[in-house]
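Contents: one structure, followed by commentary.
The values are calculated or read from the model by the stated rules, or taken from the named source; none is laboratory data. Since we're looking at a predicted model, the values are computed, not measured. Counting neighbours? That spans all protein chains shown, and the Cβs are built from the backbone with ideal geometry, glycine included.
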Amino acid sequence: MRAVISVLFLLILTPAAAAEPSPMETSFVGNPLVIINITYDPGPGGDDGFEGEIVLELFLNWAPITVSNFLGLVNQSFYDGIFSHRIIDDFVIQSGDPTCRATVVYTPVPTCGEGGSGETIPFESNANLTHVNGAIGMARGADPDSAESQWYICDEPQHQLDNGNRTLPDDPGYAVFGVVREGLELVRAAAAVPTTNNLDGGDELLPRVGTGLGDRPLYEVHINSVTLSGWVPGPAVPTPAPERIPAALLLTGTLAVAGALGAMWWLRRPAGD
């Protein structure tokens, strides 16, 4: 009985091993930081426009293929000048089709939203990467390995998109590869703009058509640029304080210098002194 009590006592006192922090919640040194600069101008009589920067942290160690693909396209300025072609309030804002580009005026071309980079990447899944509010993931077709260049950012948590939460047993979910660290208010503002299924940005939704002009913003949510701005920095290294010389050592050194100067004077004194 005493042995049992002792074991229980040790279990109570022994701290549990700390779980690895999720990258969705904690920044990791060396992760790439990407800035999406967006502008929304509804024109005369429309709602208020907005402009600003969305800062993303990408998880290179957790989704190396997806992050490398995205950064490669960013390096080519692939996303600069296109617009978000699919927006659903309280769900996602989606972009990444190079054909969704306003030439003279913003026109919701039906085929916009079907294009990509032309090169698919394999599906990546990691239990640490989930669809929290502000998560960025890769859009794809029915084939999990069909993602190319289109991506989405979650407006509110969307864990039904996670691996293990899908309705079909062979559906692995969608690949998350980063999260918004700054500018989440811009994601919220973009998600609330009027669309072809939500003409006033309110709660009354029109039936979705599924393809073509469905969920298309009525006014352009323009992506000015997507750029790599740097990497998550490490902790600042404190500058060491100057070393203090002990008083006794300082006095000894002072006396030694004084003695040396006195000796030099004695040797150089004029004759007869």
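Scanning region 197-222 for residues being at negative phi, modelled with pLDDT under 85 and part of a loop (DSSP other than H, G, I, E, B) gives a total of 14.
Can you name the residue in region 149-169 that is touching a residue at least 40 places away in the same chain (Cβ under 8 Å) and in a loop (DSSP other than H, G, I, E, B) and is also surrounded by the fewest Cβ atoms within 10 Å (Cβ to Cβ) among such residues? In this case the residue turns out to be Glu156. So, in region 29-67, how many residues would count as being assigned to a helix (DSSP H, G or I) and of a type outside the set (A, V, I, L, M, F, W, C)? So the count comes out to 2. For region 170-191, residues that are part of a strand (DSSP E or B) and not aromatic (Phe, Trp, Tyr) total 6. Remark: Ile35 matches the filter, which requires a residue to be among the β-branched types (Val, Ile, Thr), surrounded by 11 or more Cβ atoms within 10 Å (Cβ to Cβ), at pLDDT 75 or above and touching a Ser or Thr at 6+ places or on another chain (Cβ under 8 Å). Is there a residue being in a loop (DSSP other than H, G, I, E, B), buried (at least 22 other Cβ atoms within 10 Å of the Cβ) and out of contact with any strand residue (DSSP E or B) (no Cβ under 6 Å at 6 or more places or on another chain) anywhere in region 93-108? Yes: region 93-108 contains one or more residues that are in a loop (DSSP other than H, G, I, E, B), buried (at least 22 other Cβ atoms within 10 Å of the Cβ) and out of contact with any strand residue (DSSP E or B) (no Cβ under 6 Å at 6 or more places or on another chain). Residues considered: Val132, Val109. Of these, the only one that is closer than 23 Å to Ala191 by Cα and free of Cβ contacts under 8 Å to residues at least 12 places away in the same chain is Val109. Count of region 40-94 residues, restricted to those that are more than 15 Å from the chain's Cα centre (by Cα) and free of Cβ contacts under 8 Å to residues at least 12 places away in the same chain, is 6. Only one of the numbered conditions (1) modelled with pLDDT under 95; (2) surrounded by fewer than 17 Cβ atoms within 10 Å (Cβ to Cβ); (3) closer than 22 Å to Arg188 by Cα is violated by Gly81, and that is (1). Any residue in region 122-137 that is under 23 Å from Thr99 (Cα atoms) and under 17 Å from the mean Cα position of the chain (by Cα)? Yes, there is a match, as at least one residue in region 122-137 is under 23 Å from Thr99 (Cα atoms) and under 17 Å from the mean Cα position of the chain (by Cα).
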